[in-house]
Amino acid sequence: MRQCALRNVLLGLLSAASFGAAAATPDVAAEIRALRSELSALKAQSQAATDWTSIANLQASYGYYVDKSRWDDAADLFAKDATLEIAGRGLFVGQDRIRTYLHALGDLAYGRLFNHMQLQPVIHVAADGRTARARWRTLMQVGQLGKEARWGEATYENAYVKDGGVWKIQKLHGFITFYVEFDQGWNKGAVALPQNLEGLAPDAPPTVKYGAFPDVFVPPYHYKNPVTGK
Amino acid sequence: MRQCALRNVLLGLLSAASFGAAAATPDVAAEIRALRSELSALKAQSQAATDWTSIANLQASYGYYVDKSRWDDAADLFAKDATLEIAGRGLFVGQDRIRTYLHALGDLAYGRLFNHMQLQPVIHVAADGRTARARWRTLMQVGQLGKEARWGEATYENAYVKDGGVWKIQKLHGFITFYVEFDQGWNKGAVALPQNLEGLAPDAPPTVKYGAFPDVFVPPYHYKNPVTGK
Amino acid sequence: MRQCALRNVLLGLLSAASFGAAAATPDVAAEIRALRSELSALKAQSQAATDWTSIANLQASYGYYVDKSRWDDAADLFAKDATLEIAGRGLFVGQDRIRTYLHALGDLAYGRLFNHMQLQPVIHVAADGRTARARWRTLMQVGQLGKEARWGEATYENAYVKDGGVWKIQKLHGFITFYVEFDQGWNKGAVALPQNLEGLAPDAPPTVKYGAFPDVFVPPYHYKNPVTGK
């Protein structure tokens, strides 16, 4: 009976032993922890690259809407508490006011050209993946058949926020660097920096005072030098 | 006492075995399944970002070939059953016809300028990673020494397909938004929308009828508003 | 003998137990190896996408510095042993000489416009993630109030190196394709290719001899056709 009991114990033991892996466990756990840690770091890196492309898409989409006076589509890209500031026209606060500002830029109509190409992004996504900042520039072709035709350029310093998994524009700040008549180059003068929008008062004066070409102004950078960090 | 000692050894052994195996195994399997699932999701996300950059490279490469009349290189970027439609010149179907169309645009030659900058991409890769669509625009500098010099812009709505691991252009549709003489701005008129290519008949009439500037036209968007989804 | 038998059983059992661990391990170990291998491949892919965006940011940053004559910031983006060659001005070797070259382009000043938009990247990161090459183009608005105003374009073929985890410019080679007066289009002539920089001798003559518009020149491509591989 002792032998029998012993056999049963031994059989149970054998069964338990062959089922599992006493020796392997600590290593496996460590391996899995290491994999999880690497996966987590990789997720963050991959998400940042995805965010870069999403923000590039977002700002480019904004540009296409602006070109064609699709103001509600453009306004919908902004966060509720976003701000907008373009040229010398002052600060507009909140999506509703931004919508009003955009509609005041005028409707799509025969003979109107209002192209704002969105170019040269420098996009930085924050480490937590919740916010981002980007520098962009726009090359403008603006005018009206029978009236004026102008070339211009503005540099943007924008901020973005991820809201419910969707990137939105949190701040759009466009600094015009030059604005000239189509038939007069930058050697002959320039159109003055637009200071107001057909009587639409801003919510606050410009946060940055500057002059466009021929004045000298360096739009502030949201980033340090990428190599020196200074 | 021997029995007692033996029992202790056996119990200790049993305890070690059951602690090692039974407890760890299901967890390990679950951990590995979870890792595999996360890895799979991450792969798809990472692939989409890679595809965004590949398609950006592809369309930019197309532009550089077009600039320099490298028509065979440009045609090789299209899928066998691709379509091409530019300005008001109608639809060309299949890579062979696209190759014919492109060659009809003329050769690289002294005094010819034919720049087509590829700008402002909005690229969306399908969830299955097999197809993609993108909006782009081109700023054109076109002309011939002693003849004409023109500025122009076209908006593209393109489709892409991944074929044997390589992205190709499945559809290229360019809508000219303005086309003007270098010495006459968009306030003084515009070059009419090109309607045919030196006698080369298309395979089908234009799929979309529209007028370039000064007419009003919004090239269709392949995407919904990225924030509202409408 | 019973004791002996029992010892044998126990030894066998002990052996089975450790064999059991070894038996279970291969599956888990194989799974972990597979996960590790996939993770490693994914890391490389994800890193390449991240590198694409980093290099896009880097070159765009260079452009913004150039616009505003921030020459030290621009020079700091180059590797110590980098080279620079623009227009027909010859080769400058090393970061110090590049810094000298850049400063010789002149300071930010009232009435000066020096925009160099960085556009249309085709970026290829090497498989080992240590180097990269890219084709870019710049659309230039250059001039001085009361003097000249010019439009121009250059195509870049650049190389990059990852140094201490940071991407730097290893080679910048800009080929001017056209350069014209603001009030004279490419049908009426062009500004000659700049051949020297106000008396600053290069370290070596141009590595590539070419003429800008109206001459014909195709800047060499660092890449094969992305579809045919030829």
For A:ALA56: the one exception among (1) farther than 26 Å from B:HIS124 by Cα; (2) of a type in the set (A, V, I, L, M, F, W, C); (3) in a helix (DSSP H, G or I): (1)
Could we say that B:ASP72 is over 30 Å from B:SER40 (Cα atoms), surrounded by fewer than 19 Cβ atoms within 10 Å (Cβ to Cβ) and more than 14 Å from chain C (Cβ to nearest Cβ) here? no
Of everything in the range C:118-139, what is within 17 Å of C:LEU77 (Cβ to Cβ), open to solvent by less than 20 Å² (accessible area, probe 1.4 Å) and within 12 Å of chain A (Cβ to nearest Cβ)? Give them in sequence order. C:GLN118, C:TRP136, C:THR138
Can you find a residue in the range B:89-98 that is at the interface with chain C (Cβ under 9 Å from one of its Cβ atoms), in contact (Cβ under 8 Å) with a residue 40 or more places away in the chain and surrounded by fewer than 20 Cβ atoms within 10 Å (Cβ to Cβ)? no
Considering the range A:60-69 alone, what residues qualify as being open to solvent by less than 10 Å² (accessible area, probe 1.4 Å) and either in contact with a Pro (Cβ under 7 Å, 6 or more places away or on another chain) or on the phi > 0 side of the Ramachandran plot (or both)? A:ALA60, A:SER61
Residue ID - most open to solvent (accessible area, probe 1.4 Å), chosen from residues in the range C:99-117 that are farther than 19 Å from C:PHE175 by Cα and in a helix (DSSP H, G or I): C:HIS103
So C:VAL142 passes all but one of these: (1) out of contact with any helix residue (DSSP H, G or I) (no Cβ under 9 Å at 6 or more places or on another chain); (2) more than 14 Å from chain A (Cβ to nearest Cβ). Which condition number does it fail? (2)
What residue, among those in the range C:133-149 that are more than 17 Å from C:ALA60 (Cβ to Cβ) and of a type outside the set (Asp, Glu), is farthest from the chain's Cα centre (by Cα)? C:GLY146
Out of all the residues in the range B:150-173, is one or more in contact (Cβ under 8 Å) with a residue 40 or more places away in the chain, on the phi > 0 side of the Ramachandran plot and either more than 12 Å from the chain's Cα centre (by Cα) or open to solvent by 10 Å² or more (accessible area, probe 1.4 Å) (or both)? no
How many residues does the range A:58-102 hold that are among the small types (Gly, Ala, Ser), within 15 Å of the chain's Cα centre (by Cα) and under 20 Å from A:PRO205 (Cβ atoms)? 1
Consider B:ARG33 carefully, then state whether it is of a type in the set (Lys, Arg) and farther than 30 Å from C:ASP27 by Cα. no
Is it fair to say C:GLU157 is at pLDDT 95 or above and either more than 10 Å from chain A (Cβ to nearest Cβ) or farther than 26 Å from C:GLN184 by Cα (or both)? yes
Name the residue that is farthest from A:GLY111 (Cα to Cα), counting only residues in the range B:174-206 that are open to solvent by less than 60 Å² (accessible area, probe 1.4 Å) and free of Cβ contacts under 8 Å to residues at least 12 places away in the same chain. B:GLY185
Right, B:TRP167: within 11 Å of another protein chain (Cβ to nearest Cβ) and part of a loop (DSSP other than H, G, I, E, B) or not? no
Within the group B:VAL180, B:VAL191, which residue is within 29 Å of A:ASP73 (Cα to Cα), within 14 Å of chain C (Cβ to nearest Cβ) and aliphatic (A, V, I, L, M)? B:VAL180
With the checklist (1) more than 11 Å from chain B (Cβ to nearest Cβ); (2) part of a strand (DSSP E or B); (3) in contact with a Gly (Cβ under 9 Å, 6 or more places away or on another chain) in hand, flag the one item C:TYR210 doesn't pass. (2)
Odd one out for C:ASN225, checked against (1) open to solvent by 50 Å² or more (accessible area, probe 1.4 Å); (2) free of Cβ contacts under 8 Å to residues at least 40 places away in the same chain; (3) not hydrophobic (A, V, I, L, M, F, W, C): (1)
Mind checking which residues of the range B:197-230 are farther than 30 Å from A:VAL166 by Cα and under 26 Å from the mean Cα position of the chain (by Cα)? B:LEU197, B:PRO202, B:ASP203, B:ALA204, B:PRO205, B:PRO206, B:THR207, B:VAL208, B:LYS209, B:TYR210, B:GLY211, B:ALA212
Lone qualifier among B:ALA82, B:ALA56, B:ALA49 - being in contact with a Lys or Arg (Cβ under 7 Å, 6 or more places away or on another chain) and crowded, with 21+ Cβ neighbours inside 10 Å: B:ALA82
With respect to A:LYS230, is the statement that it is charged (D, E, K, R), part of a loop (DSSP other than H, G, I, E, B) and open to solvent by 50 Å² or more (accessible area, probe 1.4 Å) true? yes
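The values are calculated or read from the model by the stated rules, or taken from the named source; none is laboratory data. This is a predicted model, so every value here is computed, not measured. When we count neighbours, we look across all protein chains shown, and the Cβ atoms used for this are built from the backbone with ideal geometry, even at glycine. Side chains included, ligands, DNA and RNA excluded: accessible areas come from the protein's heavy atoms. Shrake-Rupley method; radii C 1.70, N 1.55, O 1.52, S 1.80 Å.
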